[in-house]
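Below is one structure, written out as structure tokens; the observations come after it.
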Amino acid sequence: MRIYLVVIDDSPESRIALRFAARRAVKTGGGIEILTVLPPQEFIAFGGVQATIEDEARQQAEALLASAAGTILDESGLRPSITVREGEAPKVIREIIAANPDVAALVLGAAASGAPGKLVSHFSGTDAGALPVPVMIVPGSLTPEAIDRLS
């Protein structure tokens with residue numbers, strides 16, 4: 001099955017990228033994997049505080065993913081796979097793509113104004129030709145109607 005890997009954070013452009021990917025998946029008989037990457041935490045000398053910070057970050061990421069997955073299920077009927085990983089985002093993304101031959105594209109949302117975002121900059125610059133799958137960059141300025149028309 002063709003899988004669209006979508007990286008989600010709390011930005012509006014990531015939701016736009018997710019909608020685009022879900023509509024493409026429905027039209028092509030594919031699926032969606034939603035990924036959020038937790039940045040590595042700085043070491044704090046008190047283990048209990050460190051564990052609390054890490055647990056809160058994971059809970060926040062899981063709530064974000066659950067909300068996104070619920071939206072996609074309601075809008076498209078697709079039940080996405082959900083992945084939460086800790087690490088450097090470009091490395092985690094490369095690992096997931098390498099581990100799953102069904103991933104057909106990496107779908108990222110670009111900010112509607114200003115800089116496009118770290119991952120868009122990375123995968124359209126430094127790693128532009130290094131991935132074994134296409135990178136789809138969805139403009140954050142697209143309306144739901146435009147996404148529906150384009151996808």
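For segment 137-151, filtering for residues that are over 13 Å from the mean Cα position of the chain (by Cα) and touching a residue at least 12 places away in the same chain (Cβ under 8 Å) leaves 9.
Among what's in segment 137-151 and is outside any loop (DSSP other than H, G, I, E, B) and touching a strand residue (DSSP E or B) at 6+ places or on another chain (Cβ under 8 Å), pick the residue that is nearest to Ala89 (Cα to Cα). Checked segment 137-151; the qualifying residue nearest to Ala89 (Cα to Cα) is Ile137. I'd like the residue in segment 19-54 that is touching a Phe, Trp or Tyr at 6+ places or on another chain (Cβ under 8 Å) and not aliphatic (A, V, I, L, M) and, out of all such residues, is modelled with the lowest pLDDT. Looking at residues that are touching a Phe, Trp or Tyr at 6+ places or on another chain (Cβ under 8 Å) and not aliphatic (A, V, I, L, M), I get Gln50. In segment 98-136, of all residues being assigned to a strand (DSSP E or B), touching a residue at least 40 places away in the same chain (Cβ under 8 Å) and in contact with a Leu (Cβ under 6 Å, 6 or more places away or on another chain), the one that is farthest from Leu38 (Cα to Cα) corresponds to Val103.
The set of residues from segment 75-89 being of a type in the set (Asp, Glu) and either over 14 Å from the mean Cα position of the chain (by Cα) or over 20 Å from Val37 (Cα atoms) (or both) comprises just one member, Glu75.
The values are calculated or read from the model by the stated rules, or taken from the named source; none is laboratory data. Computed from a prediction, not measured in an experiment: that's the story for all the values here. As a convention, Cβ positions derive from the backbone with ideal geometry for all residues, glycine included, and neighbour counts pool all protein chains shown.
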